1. Within region 110-120, does at least one residue satisfy the condition of being hydroxyl-bearing (Ser, Thr, Tyr) and within 17 Å of Arg34 (Cα to Cα)?
2. Within region 329-357, take every residue that is of a type in the set (S, T, N, Q) and touching a residue at least 40 places away in the same chain (Cβ under 8 Å) and give me the one that is nearest to Pro65 (Cα to Cα).
3. Among the small types (Gly, Ala, Ser), touching a strand residue (DSSP E or B) at 6+ places or on another chain (Cβ under 8 Å) and outside any helix (DSSP H, G or I): does that describe Ala89?
4. From the list Asn325, Asn365, exactly one residue is under 20 Å from Glu474 (Cβ atoms) and within 19 Å of the chain's Cα centre (by Cα). Which is it?
5. When you check Val304 against the structure, is it open to solvent by less than 20 Å² (accessible area, probe 1.4 Å), more than 28 Å from Gly249 (Cβ to Cβ), in contact (Cβ under 8 Å) with a residue 24 or more places away in the chain and assigned to a helix (DSSP H, G or I), yes or no?
6. How many residues does region 480-497 hold that are over 23 Å from Val296 (Cα atoms), open to solvent by 30 Å² or more (accessible area, probe 1.4 Å) and under 18 Å from the mean Cα position of the chain (by Cα)?
7. Would you check which residues across region 417-446 are within 16 Å of the ligand (Cβ to nearest atom) and under 18 Å from Val329 (Cβ atoms) and list them?
8. Can you tell me which condition Asn325 does not meet? The list is (1) within 16 Å of the ligand (Cβ to nearest atom); (2) within 29 Å of Pro28 (Cβ to Cβ); (3) open to solvent by less than 20 Å² (accessible area, probe 1.4 Å); (4) not in a helix (DSSP H, G or I), and all the others hold.
Amino acid sequence: MAMRRVAFHGRHLLSSPHLFRRHMNTEPMAALDRIRNSGLLKTQGLVGGKWIDSYDGKKIEVQNPATGDVIASVPCMGSKETTDAISSAYSTYSSWSKLTAAERSKALRNWYDLIIKHKDELALLITLEQGKPIKEALGEVNYGASFIEFFSEEAKRIYGDIIPAPLSDRRLLVLKQPVGVVGAITPWNFPLAMITRKVGPALACGCTVVVKPSEYTPLTALAAADLALQAGIPPGALNIVMGNAPEIGDALLKSTQVRKITFTGSTAVGKKLMEGSASTVKKVSLELGGNAPCIVFDDADIDVAVKGSLAAKFRNSGQTCVCANRILVQEGIYEEFAKAFVKAVQGVQVGNGLVEGTSQGPLINEAAVQKVEKFVNDATSKGANVILGGRRHSLGKTFYEPTVVSNVNRDMLLFKDEVFGPVAPLVPFKTEEDAISMANDTNAGLAAYVFTKSIPRSWRVSEALEYGLVGVNEGIISTEVAPFGGVKQSGLGREGSKYGMDEYLEVKYVCMGNLKET
Ligand code: NAP
């Protein structure tokens, strides 16, 4: 394992109220030591409850995007390890699915308790491998854990039905049963929460799981899996493989033992997985890319709109699927909003996520920065104006300046596609109809935001938006108790809430006949 010490040029290293009560030195090496000392720095895959290397010994390096330093190496696995992980999930399914709901619930609750107990170490791990500021990382740990807590409770509420029968000597029953082995493929932007949002309901329903985290952020997944084992979730119920994504994906798709694919990531990969699931007719749920409109009407409370748009845009350096991708502002308020918004964005502090006060970390990699540059150049070449930022940050590496671009229109990449970076495009509009037409002018349909003081307008616009989630006068809307998911090409199915359970259940109809005494 290669690790180098990182110089921090005498800057103050961070603090979060919880984190630093017990831990004052947050240099990356010290942070890593703390994780190692807690036993949570796992650098092998997990198959059938055993920590294993790749069969050919190949490894991938995990880097800290803030420094470029290698944090750890993990196995680069492929189809063979995945096939073994599937076998182990398949054999464990027969016992795990037969436990009582109360037993599964208890194990999940123990897992939740352990995640919370180790939230500081998990947050440090997230910041080290993903880059987000430690405060956001702690927020992710709480959010990620909330799915385990919620679904530990839902495990006990998998109700069936009794249907009034059309014939008097029959009884018609509906049972809900787990789908079986689940293949879960997750992205790097929420290294913990995207896993718990899938694994929580899957295990609650009685399914077993093979998870493939992103190669950029496997360490959080491995640490969480270790806590699952400690919590009493049996070996084989949760397996983790990582490495060669297409090979792992193909092994999951081809296996007849895998009955469900659940994926969060890009629309392009989601389409491939949906296509690949056809040959074995798997159940599929997909959480794909967004292109969120954030509509600010003339009648909005400007402070609320600025605060909400800022949160919806710059969280995780703009690298979330629900990030405001286009801020549509009505003409009467456009100048005033632009001025107030730029002022607010100037307060975004760029830096290493471990440094105190940082509110925007690096982007995940060089390709992500190049994509942002391409989108900004495309907009300016077509007449848009950069009114703040618009360049790589002086910190170098993959840091990019918080950016605001005005006068964006429908012809620009910033309007058409997800930029996935800290760039806020402002798009002027005239009428409510224009705003709705612009907002819906995309194949994506995940999150949308509306800022208005008018209650009738809130209803009209929320109903007209072709999106799975709508925030009205609010920029942060995800919670474990509400259904999360997209329409159109943003995906299939819902995660979180009682609806999130349905994705891992099959409905079985049982007809009991000839009930008359003979
Ligand atoms: P990505 O490139 O699609 O990767 C997502 C996952 O798929 C990673 O684990 C990746 O592995 C894996 N993968 C890549 N190619 C594969 C293949 N051929 N077969 C099987 N697996 C494959 O997406 P990303 O860049 O990590 O994430 C950003 C995207 O996710 C954005 O579009 C964002 O909007 C979307 N997202 C959506 C939601 C939602 O809830 N709707 C939430 C978060 C993110 P490697 O990383 O190891 O290559």
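The values are calculated or read from the model by the stated rules, or taken from the named source; none is laboratory data. Keep in mind the model is a prediction, meaning the values are calculated, not measured. Every residue, glycine among them, receives a Cβ derived from its backbone with ideal geometry; neighbour counts consider all protein chains shown. Accessible surface is based on the protein model in full, side chains and every heavy atom, while ligands, DNA and RNA are left aside. Shrake-Rupley method; radii C 1.70, N 1.55, O 1.52, S 1.80 Å.
1. No, because not a single residue in region 110-120 is hydroxyl-bearing (Ser, Thr, Tyr) and within 17 Å of Arg34 (Cα to Cα).
2. Filtering region 329-357 for residues of a type in the set (S, T, N, Q) gives 330, 346, 349, 352.
Among the residues that remain, those that are also touching a residue at least 40 places away in the same chain (Cβ under 8 Å) are: 330, 346, 352.
Values: Gln330: 37, Gln346: 23, Asn352: 9 Å.
Taking the candidates together, the pick is Asn352.
3. It is false that Ala89 is among the small types (Gly, Ala, Ser), touching a strand residue (DSSP E or B) at 6+ places or on another chain (Cβ under 8 Å) and outside any helix (DSSP H, G or I).
4. Asn325
5. On the way: open to solvent by less than 20 Å² (accessible area, probe 1.4 Å): no; more than 28 Å from Gly249 (Cβ to Cβ): yes; in contact (Cβ under 8 Å) with a residue 24 or more places away in the chain: yes; assigned to a helix (DSSP H, G or I): yes.
Judged against the criteria, Val304 is not a match.
6. Number of matching residues: 7.
7. Residues satisfying the conditions are Val419, Val423, Thr442.
8. Status for Asn325: all satisfied but (2).
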